[in-house]
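The values are calculated or read from the model by the stated rules, or taken from the named source; none is laboratory data. Owing to the predicted nature of the structure, the values given are computational and were not obtained by experimental measurement. Backbone-built Cβ (ideal geometry, glycine too); neighbour counts: all protein chains shown. Keep in mind that these areas ignore ligands, DNA and RNA; they rest on the heavy atoms of the full protein, side chains included. Shrake-Rupley method; radii C 1.70, N 1.55, O 1.52, S 1.80 Å.
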Amino acid sequence: MNDQIRFIPESAAAGAAGIDTLFYTLVAFSFGIGLFLTILVVGYAVRYRAGSSADRSGRRTRNLRLEIGWTSTSFLVALGLFVWGAVLFLDRDNPPANALEISAIGKQWMWQFRHPGGQREINELHVPVDQPVVVSMASQDVIHSFYVPAFRVKQDVVPGRASHVWFTATRPGRYRLFCAEFCGTEHSAMGGFVIVMEPAAFAEWLELQGEGESLAQAGGRLFRALGCSGCHGDSSQVRAPRLDGVFGRPVALSNGTATIADDRYIRDSILMPDKEIAAGYEPVMPSYDGLIDESELQMLTEYVRSLSPGESVQ
C-alpha cells in the first residue's frame, strides 16, 4: 500500500474502470466547454475593445441551423451522460447472487465487521480476490460513510436505515478504508484497511480465526430470547404470520396493498409494527424501538432471511 498522493489513484476493483472512464469523460467535456467559452469571451473582448472599428449597431441576426444543431447536440450529450451514469448506478445497487455477505456496524469511532462464519474484525476487513462481496451496514449512533477509494465505493450509513455496498476486488493487497462523513471529534481516526487475499489464503485466515456464532444463529437465539417465537413460531397460536419463506416474497397488507419482505420491511416491522400490518392479523405486536440496538437488528434480519434459503441482500 502506497500512501503517496497520486495524480491517478490506484484501482483495485472490477467496477472502478467504468467509474474512472465516466469521470474523465465528464472532466474532458467540462474542459472542452470551458475552453470554448473562454475563447468566445477573449475573442469578443479583443474584437470590441475600446477604440476598435467593430460594428456596434446592435443589429441582430439568426442562424436557425446553428441554434438547432447546438441545442440538439447539447441535449444528446447530456442524455448520453445521464444514461451512462444511471447504468453504473443501477449496477452499484444490484450485487451478484453469489456475493459473500459480511455485516458491518459503524459507530464512533470504528468499523465492526462480522463474517458469515461468525469471525469478527474491527477496522480491518479481510476479503478474497475476484469474489463479489456485499457489506450490509448499519450505524449505531450518527451518520458514517464507508469509503474505499481504491474500489471507487462510498456508501453513507444512516442511523435507523439499513444500507449495503458491494465490490469485487481484483488485486491482493491492503487498501485504505475511511469514514467519509464527519462523525465527531475523532472522525479522522475512524479508518482501517480492506485486506484482499488469494482465495486459499483467505480460507486459511478464516480457519485460523475459528468459527463463531453466525449472524443468523445469533439472530435465532435473540428471536427466542425476546419471545418472538411465541407468536411467530411453530408452537404458537396464530397471532402473527409465519416467517418461513417470507423473505423476498410479496406480503399482503391490511390496507389492501402489498409490499416485498426485504430488509427495509423486516426492520420497520420490528421498530414500527403498526406501519404495515399483514393482512388477516391484528396490530398486537409491540415496538422494539429502543429495546434492541443496530447489531441486534442485523441479527434478527439475517435470521429471518435464513428462513428463506437462497435470498440475498436486497
Per residue of the range 93-109, what does 6.51 cos²θ - 1.76 cosθ + 1.60 with θ = phi - 60° give for ³J(HN,Hα)? Whole Hz please, x for Gly and Pro, Karplus curve as stated.
9, 10, x, x, 5, 8, 5, 6, 9, 10, 8, 9, 10, x, 8, 5, 10
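How high is the FRET efficiency from LEU208 to ARG6, r the C-beta distance, R0 30 Å, rounded to 0.05?
Here the calculated transfer efficiency is 0.35.
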Candidates THR170, THR61, THR73, ranked by Gaussian network fluctuation over the chain, Cα under 10 Å, top entry:
THR61
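What number, in nm² with one decimal, is the all-direction average of the projected area of the convex hull of the alpha-carbon atoms of the range 78-132? Display every interim value, and only then the final one.
On the way: hull surface 23.1 nm².
Directional mean of the projected Cα hull area for the range 78-132 stands at 5.8 nm².
Please report, as a whole percent, how much of the solvent-accessible surface of the range 98-159 comes from carbon and sulfur atoms (probe radius 1.4 Å).
Carbon with sulfur: 49 percent of the solvent-accessible area.
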Over the range 236-309, what per residue volume does the convex hull of the Cα atoms give, in whole Å³?
90
Can you tell me the orientation of helix 16-47 relative to the chain, as the angle in degrees between its alpha-carbon axis and the longest Cα principal axis, to the nearest 10?
30
Can you tell me which of HIS115, HIS164, HIS232 moves the most in a GNM of the chain? Springs connect C-alpha atoms under 10 Å apart.
HIS232
Tell me which residues come under 5 Å, amide H to amide H, from HIS126 once H is placed; ignore anything under 5 positions away on its chain.
ILE195
Sorted largest first, extent of the chain alpha carbons per principal axis (Å):
96, 53, 37
Percent of Cα pairs exceeding the 16 Å cut-off, where the set is the range 119-217:
61
Can you give the Rg and Dmax of the range 159-314 based on its C-alpha atoms, in angstrom?
19.0, 54
How many angstrom separate the Cα center of the range 216-272 from the Cα center of the range 122-177?
28
Could you pull out every residue, at least 5 positions away or on a different chain, whose amide H is within less than 5 Å of the one on GLN119? Hs are placed 1.01 Å off N in the peptide plane, and Pro or chain starts have none.
GLY212
At 0.36 nm per residue, minus the direct Cα-Cα distance, what do SER308 and PHE89 gain on full extension? Give it in nm, one decimal, please.
76.1 nm
How many Å³ per residue does the convex hull of the Cα positions in the range 50-91 occupy?
111
How far is helix 215-225 tilted off the main Cα axis of the chain, in degrees rounded to 10, range 0 to 90?
50
Taking placed amide H atoms and a strict 5 Å upper bound, the residues 5 or more places from SER103 or on another chain that come that close are ARG114, SER136
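Under Stokes-Einstein, with the Kirkwood radius over Cα pairs standing in for Rh, what whole-number D in µm²/s applies to the range 1-81 at 20 °C and 1.002 mPa s?
Details: Rh = 17.2 Å.
Reported coefficient: 125 µm²/s.
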Furthest towards positive pole of dipole, LEU177, GLY34, GLY290, structure part the chain, Cβ charges
GLY34
Evaluate the distance, in nm, between pseudo-label points positioned 7 Å from the Cα of SER188 and of ARG239 along their respective Cα→Cβ axes.
5.4
Note, the range 248-256: 3J(HN,Hα) by Karplus (6.51, -1.76, 1.60, θ = phi - 60°), whole Hz, Gly/Pro = x, goes x, 9, x, 10, 6, 10, 5, 8, x
Heavy-atom surface of the range 195-234, accessible at 1.4 Å and reported per residue (Å²)
57
Where only protein heavy atoms count, and the probe is 1.4 Å, what is the accessible area per residue for the range 97-186 in Å²?
40
Given points 7 Å out from each Cα along the Cα-Cβ axis, report the GLU198 to ARG174 separation in nanometres with one decimal.
2.0
Full extension between ASP130 and ALA258 adds, at 0.36 nm per residue less the Cα distance, a length in nm of 42.3 nm
Scalar couplings 3J(HN,Hα) for the range 71-86 by Karplus 6.51 cos²θ - 1.76 cosθ + 1.60 (θ = phi - 60°), nearest whole Hz, x for Gly and Pro, are 5, 5, 5, 4, 5, 5, 5, 5, 5, x, 5, 5, 5, 4, x, 5
For the chain, take the longest principal axis of its alpha carbons; what is the angle in degrees between that and the long axis of helix 199-209, to the nearest 10 within 0 to 90?
40
